[in-house]
Amino acid sequence: MKKIVPLVLIFVMVVSVLAGCADGKARESKTNEPKQLEEIQKSGNAGEKTGTATKGAGDVVGQYVGQIDANSVEIEINGEPKVFRTTDLKQDLSGFATKDWVRISYTENEYGQFVLKGIQMK
């Protein structure tokens, strides 16, 4: 009997820890991605437009924030930071500094990511 009580307590503690880890935060962050993409899509064409923009594509003016990693940059458009993939961009970004005003053109890929097609100083 004395051996069963500690085993039951350990089992209860393990189940409690596992239940606490599965509180839905992982699922919540995945479900927030489409909401964030919708917000970007709604405001993604905001700013000074240089041509006709369709859903998921556009030409806008914003402030360059910086390079996030080897494949992404952040650009602030109408005060909101947005992430753009640079995988298709054949341009060197080392000449841009934080807070530089830039004119960009972008499209949206099949994964809902915004892909930078062109960037120039304004």
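The values are calculated or read from the model by the stated rules, or taken from the named source; none is laboratory data. Treat the numbers as computed from the prediction; the structure is a model and nothing was measured. Backbone-built Cβ (ideal geometry, glycine too); neighbour counts: all protein chains shown.
Remarks
- Residues in segment 84-122 that are among the small types (Gly, Ala, Ser) and surrounded by 12 or more Cβ atoms within 10 Å (Cβ to Cβ): 105, 112, 118.
- Within segment 77-118, considering residues that are of a type in the set (Phe, Trp, Tyr) and in contact with a Lys or Arg (Cβ under 8 Å, 6 or more places away or on another chain), the one farthest from residue 61 (Cα to Cα): 114
- Candidate set: segment 8-26, residues that are of a type in the set (Gly, Ala, Ser) and either in a helix (DSSP H, G or I) or touching a Phe, Trp or Tyr at 6+ places or on another chain (Cβ under 8 Å) (or both); chosen: the one modelled with the lowest pLDDT: 26
- Qualifying residue in segment 57-76 (condition: surrounded by 14 or more Cβ atoms within 10 Å (Cβ to Cβ), modelled with pLDDT under 90, in contact with a Ser or Thr (Cβ under 9 Å, 6 or more places away or on another chain) and not in a strand (DSSP E or B)): no
- Restricting 58, 79 to residues that are in contact (Cβ under 8 Å) with a residue 12 or more places away in the chain and either in contact with a strand residue (DSSP E or B) (Cβ under 7 Å, 6 or more places away or on another chain) or not β-branched (Val, Ile, Thr) (or both) narrows the list to 58.
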